[in-house]
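Heads up: the structure comes next, in structure tokens.
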Amino acid sequence: MATPALHTARLYLAPYTPDDEEDFVALFQDTLVSRWMGDGTQSESEDRALFGRVFSKVYAQDLFDVWAIRHEGRFVGHAEIKPSIEVGGHEIVYALATTAWGQGFGTEIAQALTGYGFDTLGLTEVHATVAADNSASLALLDRIGFRHVRDRVEEDGSTTRVLTRSAASGVGGAGQPR
């Protein structure tokens, strides 16, 4: 099943196109954004290779859903929902360009991804992993019903919080596939 487009009140989440490469790389190269993502900022060539794998592997093999996020036609971020061994289920991942911070977009995205996981993928739980010192993301996820279930100590000594939301807790404001 190909990744469907999703809509929220103000955002449009659609599969990436090759024309999105520069926006994707710029987002992942922004240290204010990438410091919260995976292993942090990577080289530009690594981010370009990652973008290529979205097409050659993720979409080609239908591994999981990955979206470019747009507001009023402008690229503002990245989102995905994917199986994760570390959390024992599906994990939501999202990143917003700094120009899109503070506008409530993160809440819309997290709700859309969570709703998609429950309604379309049929999941009973959706997970998120957040750096323990990323207070903004932790507060956002808490507001929409995610609960802290455990901490994971990373190789570099930092702590990652594992959060979970069950389908029984309700979604509200979820994005709808189009």
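The values are calculated or read from the model by the stated rules, or taken from the named source; none is laboratory data. Only a predicted model underlies this, so the values are computations on that prediction, with no experimental measurement involved. Positions of Cβ are generated from backbone atoms using ideal geometry, with glycine treated the same way; all protein chains shown enter the neighbour counts. Each accessible area value is taken on the protein alone, full model and side chains, heavy atoms only, with ligands, DNA and RNA left out. Shrake-Rupley method; radii C 1.70, N 1.55, O 1.52, S 1.80 Å.
Among the residues of segment 116-127, just one is open to solvent by less than 20 Å² (accessible area, probe 1.4 Å) and either modelled with pLDDT under 95 or more than 17 Å from THR8 (Cβ to Cβ) (or both), namely HIS127. Restricting segment 85-100 to residues that are surrounded by 15 or more Cβ atoms within 10 Å (Cβ to Cβ) and hydrophobic (A, V, I, L, M, F, W, C), the residue that is modelled with the highest pLDDT is ILE92.
The single condition among (1) at pLDDT 90 or above; (2) among the hydrophobic types (A, V, I, L, M, F, W, C); (3) within 15 Å of ALA95 (Cβ to Cβ) that LEU32 does not satisfy is (1).
Looking at this structure, is GLN42 free of Cβ contacts under 8 Å to residues at least 60 places away in the same chain, open to solvent by 70 Å² or more (accessible area, probe 1.4 Å) and assigned to a loop (DSSP other than H, G, I, E, B)? No, not satisfied.
Do we have LYS82 as surrounded by 13 or more Cβ atoms within 10 Å (Cβ to Cβ) and either in contact with a strand residue (DSSP E or B) (Cβ under 7 Å, 6 or more places away or on another chain) or under 19 Å from THR17 (Cβ atoms) (or both) here? In short, yes.
Restricted to segment 133-154, and to residues there that are β-branched (Val, Ile, Thr) and surrounded by 11 or more Cβ atoms within 10 Å (Cβ to Cβ), the residue that is nearest to SER169 (Cα to Cα) is ILE144. Checked against the criteria, PHE75 counts as open to solvent by 10 Å² or more (accessible area, probe 1.4 Å), part of a strand (DSSP E or B), over 22 Å from ARG152 (Cα atoms) and touching a residue at least 24 places away in the same chain (Cβ under 8 Å). Summed over segment 56-72, residues that are open to solvent by 60 Å² or more (accessible area, probe 1.4 Å) and not hydroxyl-bearing (Ser, Thr, Tyr) total 6. For segment 1-29, residues that are surrounded by 11 or more Cβ atoms within 10 Å (Cβ to Cβ) and either part of a helix (DSSP H, G or I) or modelled with pLDDT under 90 (or both) total 10.
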